[in-house]
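Each remark here refers to the structure printed beneath this line.
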């Protein structure tokens with residue numbers, strides 16, 4: 001699953017040969033263990049706050065998925081397309097999207113059309129309706145259930161990248177989405193993101209670009225109830 005692992009043991013500890021490459025924490029007492037764990041967690045948070053490595057094609061951690069989204073928004077120079085659901089991420093990414101538009105980046109978003117009584121979801125759409133951002137609403141029966149983004153779709157070069165995100169419920173519990181408009185995150189959901197790059201998965205990338213443009217062309221330009 002490509003999860004980051006750490007071995008924790010009272011020292012001195014010599015792991016078996018097949019575990020030698022895994023980072024480890026050795027401690028003598030509870031105070032030292034707490035200190036070592038704090039350093040490990042701070043280090044891991046810093047790692048997850050950076051964009052994934054260039055060769056990484058499967059991402060599970062929500063923080064690293066968010067870091068990749070932000071990195072691509074910050075580095076886009078021409079265009080970026082978003083396959084979206086209910087835009088629950090609108091508030092978190094609005095600033096980056098607005099800055100991208102100010103640089104002249106062409107931003108298109110396809111999202112599901114909320115029901116008329118889903119006020120918070122309509123507000124999320126309005127958050128992203130800034131000058132330069134184009135949004136088209138997909139009717140429920142036309143939703144391809146693809147979520148993610150396409151970075152620089154016009155280039156089909158090494159900069160062109162597709163990241164598709166899947167989210168499943170970790171445990172059954174209610175959350176106040178209707179009030180906040182924001183999903184809780186990693187504590188409630190399991191995430192998986194597949195990354196495709198034009199220089200290694202050209203056919204996949206070309207197919208997703210075509211899918212987005214076909215959906216875009218077949219939807220009305222409605223952005224109001």
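The values are calculated or read from the model by the stated rules, or taken from the named source; none is laboratory data. Owing to the predicted nature of the structure, the values given are computational and were not obtained by experimental measurement. As a convention, Cβ positions derive from the backbone with ideal geometry for all residues, glycine included, and neighbour counts pool all protein chains shown.
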Inset, instruction - Restricting attention to strands (runs of 3 or more DSSP E) lying wholly within the range 1-118, give those where 1 or more residues are touching a residue at least 24 places away in the same chain (Cβ under 8 Å), farther than 30 Å from residue 135 by Cβ and more than 19 Å from the chain's Cα centre (by Cα). - result: 7-10
Legend entry - Which listed residue is at pLDDT below 90 and not in a loop (DSSP other than H, G, I, E, B), from 190, 164: 190
Inset, instruction - Report yes if some residue within the range 195-218 is modelled with pLDDT under 75, on the phi < 0 side of the Ramachandran plot and exposed (fewer than 13 other Cβ atoms within 10 Å of the Cβ); otherwise report no. - result: no
Inset, instruction - Determine, yes or no, whether residue 85 is modelled with pLDDT under 90 and touching a strand residue (DSSP E or B) at 6+ places or on another chain (Cβ under 6 Å). - result: yes
Inset, instruction - Give the residue that is nearest to residue 210 (Cα to Cα), with candidates limited to residues of the range 122-150 that are in contact with a helix residue (DSSP H, G or I) (Cβ under 9 Å, 6 or more places away or on another chain) and part of a helix (DSSP H, G or I). - result: 142
Inset, instruction - Looking only at the range 119-138, count how many residues are farther than 16 Å from residue 82 by Cα and either in contact with a strand residue (DSSP E or B) (Cβ under 9 Å, 6 or more places away or on another chain) or in contact (Cβ under 8 Å) with a residue 24 or more places away in the chain (or both). - result: 5
Inset, instruction - Output the number of the condition that residue 63 fails; it satisfies all remaining conditions of (1) touching a strand residue (DSSP E or B) at 6+ places or on another chain (Cβ under 9 Å); (2) buried (at least 16 other Cβ atoms within 10 Å of the Cβ). - result: (1)
